[in-house]
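Trainee: Below is a structure I'd like to ask you about.
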Amino acid sequence: MAEMLEIRWHARGGQGAVLASRYLAASAIRENLYFQSFPQFGTERMGAPIVAYTRLSDAPIYLYCAIEEPDMVVVLDPTLLKVVKVTAGLKPGGAVVANYPGAPAELAQELGLKGEYRVYSVDAYKISTEEIGRPIPNTPMVGALARVMGRIKLENILAEFSEQFGHRFSSEVVTKNLNAVRRAYEEVQSL
Amino acid sequence: MRKKIGLTGDGAAAEAMRQIDPEVVAVYPITPQTEIVERFAEFVAEGLVQTELINVESEHSALSACCGSSMAGVRTMTCTSAQGLALMHEMLYIAAGNRLPIVMVNVNRTLSAPINIHNDQSDSLGSRDAGWIQLYCENPQEVYDTVIQAVRIAEDHQVMLPVMVCLDGFIVSHNMEPVELLDDGEVKEFIGEFKPRLNLLDTERPITAGNLTLPEYFFEHKYAQVYALEQSKEKIEEVGREFGDRFGRRYGLVEGYKLDDAEIAVITLGSMAGTARVAVDALRGEGIKAGLLKMRCYRPFPVQELAGALKNIRAAAVMEKAVSPGAPGPAVFSDIIAALYRQSVRINLISYVAGLGGRDVPVKSIHRVYEHLQKVAASGEPDRILNYLDLRGWE
């Protein structure tokens, strides 16, 4: 990676965005990448819009400030698209990756985009409901993001999940999550 | 086995505490230090440490319990933040005055009011005269390494003073980065066994501790403590050097970055040093001779080292996350003025108070500090000495 990749996460409190951003970042160790993962430090309440950040780089990272101009934004909840300007500060040519039930063209239209950004959608609620049994979009969105970024191999994303959560969840829950990650990786669509 | 894993600053502190396995930890949870307590309590519950974890009803009690256990001759640690440190204030002096080698992790958070849980350094900088050694960390790796070193420094028989390891709340405490962990055995070997000089429970050699000291001797006792703190500089350097020789990451009292030929420099502590490096690199790319001086050790103050590092600088700015209301200048700035005066170094020095109550300190704002320094260097005198970074409506 020649340059640092800066990612901003949009979610609602309780959806596990901070956990997902940490999980993605920790997976980067397996690619010998440097990373940072930190929440936007606000007052967090269940259901309220929250923001988290991830930086990835092949060189040590020294920045201790918020990401103002991300390369990518990830949206964990489609209802945020009408509430928060998720593309704020997004670099020209940057990517929007959203949990969204429709096609990328519909997502682009909903965001009022006219080709300035790359747009990706994946129905993470459907995937998590079918695979995990609950609409929890955080782990599948890590899979979708990994595909779009192309910086961390799927096998490393899956291996990190097994290692981090293997002792906290039953093997059944781990397997279900791994399936959700894999499906989102495969099903994410580009414009 | 050494391994590299993702850890937050709080996680790194907890991991170091697990490997240190102190006999006593007395704590009270407070944001943004809570994650340390949570993780350490898990280590206790899982039997990964032998520590007696004392849940107390307040931070005043936490440090009181620590004073008791340290005096009884066992390795003792705690951690806190902001209001918690303020509530400990009385006991900070007791710990230092009784020469108790307690190690405390302080997650820097502002002091209320207005109530705010976010980062600045007014808590620990406000405790600067309590007699503790204060070390500031830039990132989670430094937190991990410094907590381990702090045990060695505090317990050295020439030092016997408490050590406060400071990290910026949220910015470092809740930021996950790759951290290289040492092997449990390596940490045990590095810190060694705690051999107290005096032990209140040693019935063979009975002592009295914390007793009344009247005017006839108080001054001498206090000076002995002051002297020990000043002398601890050597030990801090020695331990940082040995850590580097053994594990590859060397630490000192101050750390210069592109400072040797620099004409302008920022002096700062904690996480702002990281962001300032990025500004320095960009300025160097434009041919501007910018540098950075990171203060790792704030107490004891590295007078000679700091003055020596700055003597050829034309203009420097001290960036700190605290104000000293009514004072001639904020704490770190004022200390640096005094240090330069003592060493007869005369440079143009300005102050920038930044990031109070968690306000972001981005690279572009640090660039403005360097722009200001270029003007001061060019004109040969500061237009304004006291400045506030990204504060609305003060000019």
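The numbers here are math on the coordinates, done by the rules we state, and not lab data. Since the structure is predicted, the reported quantities are computational estimates derived from the model, not experimental observations. Heads up, the Cβs are rebuilt from the backbone with ideal geometry, glycines too, and the neighbour counts pull from every protein chain shown.
Trainee: Do any GluC sites (Glu not before Pro) in the range B:23-124 lie in a DSSP loop with no more than 10 other beta carbon atoms within 10 Å, and if so, which?
Mentor: Hits after loop and neighbour filter: B:GLU46, B:GLU57.
Trainee: Starting from the amide H of B:LEU181, placed 1.01 Å from N in the peptide plane, find each other amide H under 5 Å away whose residue is 5 or more places distant or on another chain.
Mentor: For B:LEU181, the qualifying residues are B:LYS3, B:LYS4, B:ILE5.
Trainee: Calculated from DSSP H runs of 4 or more alone, at -39500 (n - 2.57) each and per residue, what is the 222 nm mean residue ellipticity of chain A, nearest 500?
Mentor: On the way: 6 runs with 67 residues, N = 191.
Value at 222 nm, helices only: -10500 deg cm²/dmol.
Trainee: Let me ask something else. Nearest 5 percent is fine: what portion of the DSSP beta bridges confined to the protein assembly as shown is antiparallel? Don't skip to the end; give the middle numbers.
Mentor: Numbers: 28 of 80 bridges.
Taking every DSSP beta bridge within the protein assembly as shown, about 35 percent pair in antiparallel fashion.
Trainee: If a/c stays under 1.5 just call it rounded; otherwise compare a/b with b/c (prolate if a/b is bigger, oblate if not). Do that for the protein assembly as shown, with a ≥ b ≥ c from the square roots of the Cα gyration tensor eigenvalues.
Mentor: Numbers: a/c = 2.16, a/b = 1.38, b/c = 1.56.
Verdict is oblate for the protein assembly as shown.
Trainee: Calculated from DSSP H runs of 4 or more alone, at -39500 (n - 2.57) each and per residue, what is the 222 nm mean residue ellipticity of chain B, nearest 500? It would help to have the intermediate numbers written out before the result.
Mentor: On the way: 13 runs with 164 residues, N = 395.
After summing the helix terms and dividing by residue count, I get -13000 deg cm²/dmol.
Trainee: Counting other Cβ atoms within 10 Å, which trypsin sites (Lys or Arg not before Pro) in the range B:1-96 have at most 11 and lie in a DSSP loop? Display every interim value, and only then the final one.
Mentor: Values: sites: B:ARG2, B:LYS3, B:LYS4, B:ARG18, B:ARG39, B:ARG75; in loops: B:ARG2, B:ARG75.
Passing both the DSSP loop test and the Cβ count: B:ARG2.
Trainee: Follow-up question, since we're still on this one. Considering every residue in A:64-74, what mean count of other chain Cβ atoms within 10 Å of its Cβ is obtained?
Mentor: Details: counts 21, 14, 4, 1, 4, 0, 0, 0, 0, 0, 0.
Other-chain Cβ atoms within 10 Å of each residue's Cβ, averaged: 4.
Trainee: Taking a ≥ b ≥ c as the square roots of the eigenvalues of the Cα gyration tensor of chain B, is the shape rounded (a/c under 1.5), prolate (a/b larger than b/c) or oblate?
Mentor: Numbers: a/c = 1.73, a/b = 1.51, b/c = 1.15.
Cα axes put chain B in the prolate bin.
Trainee: Kindly write out, for the range A:147-155 in residue order, the coupling ³J(HN,Hα) from the Karplus curve 6.51 cos²θ - 1.76 cosθ + 1.60 (θ = phi - 60°), rounded to whole Hz, with x marking Gly and Pro.
Mentor: The phi angles translate into 5, 5, 5, x, 9, 10, 5, 4, 4 Hz.
Trainee: Report, in whole Å, the centroid distance computed from the Cα atoms of the range B:86-158 and the range B:187-211.
Mentor: Rounded to whole Å, the Cα centres lie 22 Å apart.
Trainee: Amide H neighbours of B:ILE350 under 5 Å, counting only residues 5+ apart in sequence or on other chains, H built in-plane at 1.01 Å?
Mentor: B:ALA316, B:ALA317, B:VAL318
Trainee: Taking the Cα-to-Cβ direction at B:ASP245 and at B:LYS222 and moving 7 Å from each Cα, how far apart do the two end points lie in nm?
Mentor: Between B:ASP245 and B:LYS222, the label points sit 3.9 nm apart.
Trainee: For chain A, just say rounded, prolate or oblate: build the C-alpha gyration tensor, square-root its eigenvalues into a ≥ b ≥ c, call rounded for a/c under 1.5, and beyond that prolate if a/b exceeds b/c, oblate if not.
Mentor: Numbers: a/c = 1.37, a/b = 1.09, b/c = 1.26.
The shape class here is rounded.
Trainee: For chain A, set up a GNM with springs between Cα atoms under 10 Å and report which of A:ASP58, A:ASP123, A:ASP71 has the largest fluctuation.
Mentor: A:ASP58
Trainee: Given B:LYS4/B:LYS258; A:LYS82/B:LYS4; A:LYS85/B:LYS375; B:LYS188/B:LYS321; B:LYS233/B:LYS375; A:LYS126/A:LYS153, which pairs have Cα atoms separated by over 32 Å?
Mentor: Result: A:LYS82/B:LYS4; A:LYS85/B:LYS375; B:LYS188/B:LYS321; B:LYS233/B:LYS375 exceed 32 Å.
Trainee: Right, another one. Provide the per-residue ³J(HN,Hα) series for the range B:241-254, in order, calculated from phi with Karplus coefficients 6.51, -1.76, 1.60 and θ = phi - 60°, each as a whole number of Hz, with x at glycine and proline positions.
Mentor: Values, residue by residue: 5, 5, 4, x, 4, 7, 10, x, 10, 8, 10, x, 7, 10 Hz.
Trainee: Still on this structure, please answer the following. Need one number: nm distance between label points at A:ALA159 and B:ALA45, each 7 Å from Cα along Cα→Cβ, rounded to one decimal.
Mentor: The modelled label-to-label distance comes out at 3.1 nm.
Trainee: Pick from B:GLY355, B:GLY73, B:GLY185 the residue whose mean-square fluctuation is largest in a GNM of chain B, springs joining Cα atoms under 10 Å.
Mentor: Top of the fluctuation ranking is B:GLY185.
Trainee: For B:ASP390 and B:ALA338 in the same chain, what is the full-extension length gain: residue separation times 0.36 nm, less their Cα-Cα distance, in nm? Don't skip to the end; give the middle numbers.
Mentor: Values: separation 52, 0.36 × 52 = 18.72 nm, distance 2.68 nm.
Net length gain for the segment: 16.0 nm.
Trainee: Be a star and scan the range A:97-140 for residues whose amide nitrogen sits under 16 Å from the point 7 Å along the Cα-to-Cβ vector of A:THR175.
Mentor: Under cut-off, by backbone N: A:131-133.
Trainee: What is the set of long-range amide H partners of B:THR8 at a cut-off below 5 Å, with H atoms built 1.01 Å from backbone N?
Mentor: Under 5 Å from the amide H of B:THR8: B:GLU177.
Trainee: Hey, what do the phi angles of the range B:328-336 turn into as Karplus ³J(HN,Hα) couplings, whole Hz, using 6.51/-1.76/1.60 and θ = phi - 60°, x for Gly and Pro?
Mentor: Once θ is set to phi - 60°, the couplings for the range B:328-336 become x, x, x, 4, 5, 4, 5, 5, 5 Hz.
Trainee: Return the single residue from A:LEU63, A:LEU33, A:LEU81 with maximal mean-square fluctuation; model: Gaussian network over chain A, springs between Cα atoms under 10 Å.
Mentor: A:LEU63
Trainee: Against the globular-protein guess of 2.2 N^0.38 Å, express the Cα radius of gyration of the range A:92-191 as a ratio, rounded to two decimals. List each step's numbers first, then the result.
Mentor: Numbers: Rg = 14.1 Å, N = 100, 2.2 N^0.38 = 12.7 Å.
Rounded to two decimals, the normalised Rg is 1.12.
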